[in-house]
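Here the structure comes first, spelled out in structure tokens, and everything after it is commentary.
Please treat every number below as a calculation from the coordinates, not as lab data. What you see is a predicted model, and the numbers here were worked out from it, not measured in a lab. Quick reminder, even Gly has a Cβ in these numbers, built from the backbone with ideal geometry, and neighbours come from all protein chains shown.
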Amino acid sequence: MKTSIFKKLLLGIAIIYLPVQTMAWGTNGHRISGQIADSYLTPKARAAIKAILGNESIAMTSNWADFIKSDPQYNYLYNWHFVNMDKEYSYPEMQEFLKQDTATDAYTKINFLVGELKKKNLTKSNKLLALRMLIHLVEDIHQPMHTGHLSDKGGNDIKLMWFNNQTNLHSIWDSQLIDFQQLSYTEYVSWINHPTVSQRAEWQKAPISQWLLESNHLAAKIYAGVKDGDKVNVYKYNFEYIGTLNNQLVKGGVRLAGLLNQIFGA
């Protein structure tokens, strides 16, 4: 009897734990980028977004697309979160790759969702779904491992030791590096949300292909820095990569704001 109860408890823990392994940026990372995006909305865009989300902030709704992975009715959204790239691309190669991209992935679905949200006759429920997914996916593709290799599931199959805990390369970039800073998401935003006006303009002017190119190049560097089975020197890894990670969090938020401002009016 006790054995049966113990097995059920382990199964329950596993069900809760597994979805966390596939989240992009993790809970805090998404909220950080979402809060940054909120700070750069135009009044018109802010009002339109509030009409859709109600009292739920961009920061809080940005995790919805990960939380609903536990609901089978949303299984069709799984492939929306990433774009598989098995090599480091030049910009012309990236443009050609995306021109031929007909897969169900973050790139094609971001374009789809932008089109949906521009429709005047979109139902309230579909508008809510589209906005939640767009917010999440724009943030996702600024996490470099969401442009990772299909062969290792974006670094999920590259097993590493973080302190004395087994993890994987994808999870380090989702959560471990961010959580290592020991800040709430609002404290984190106060720390890093200081781009210049010219930086914001440059980042928002860049097309989505450029966003993906940047993540693709960062992923190549990240892959080259470890191999399967490594024990990560956490303090050294933090020193080397925290600036890159923070820059991606800020870029994701600034670009999300720019896209939302375009959709809902300047």
Amide H to amide H under 5 Å from N168: which residues, 5+ apart in sequence or cross-chain, H placed 1.01 Å off N in plane? L160
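Looking at the range 186-266, which trypsin sites (Lys or Arg not before Pro) are in a loop (DSSP not H, G, I, E or B) and have at most 15 other Cβ atoms within 10 Å? All intermediate terms of the calculation are to be shown ahead of the outcome.
Values: sites: R200, K205, K221, K227, K231, K236, K251, R255; in loops: K227.
For trypsin sites (Lys or Arg not before Pro) across the range 186-266 that sit outside H, G, I, E and B with at most 15 neighbouring Cβ atoms in 10 Å, the list reads K227.
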Highest GNM mean-square fluctuation, the chain, Cα pairs closer than 10 Å: which of Q95, Q204, Q73? Q73
Can you give me the relative contact order of the chain as a percent, contacts being Cα pairs under 8 Å and 6 or more apart? 32
Length-normalised contact order of the range 25-149, Cα under 8 Å, at least 6 apart, in percent, tallies to 34
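How large is the Kirkwood hydrodynamic radius of the range 117-242, counting all unique pairs of alpha carbons, in Å?
Kirkwood radius, the range 117-242: 16.8 Å.
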The relative contact order of the range 125-266, taking Cα pairs under 8 Å that sit 6 or more residues apart, comes to a percentage of 38
For the chain, with a Gaussian network of springs between Cα atoms less than 10 Å apart, report the residue from Y188, Y78, Y235 with the top mean-square fluctuation. Y235
Need the C-alpha centroid separation for the range 157-223 versus the range 25-73, integer Å. 18
Say we join alpha carbon atoms closer than 10 Å with springs in a Gaussian network model of the chain; which of S198, S215, S33 then has the biggest fluctuation? S198
For a distance above 26 Å, tell me the whole-number percent of Cα pairs in the chain that qualify. 41
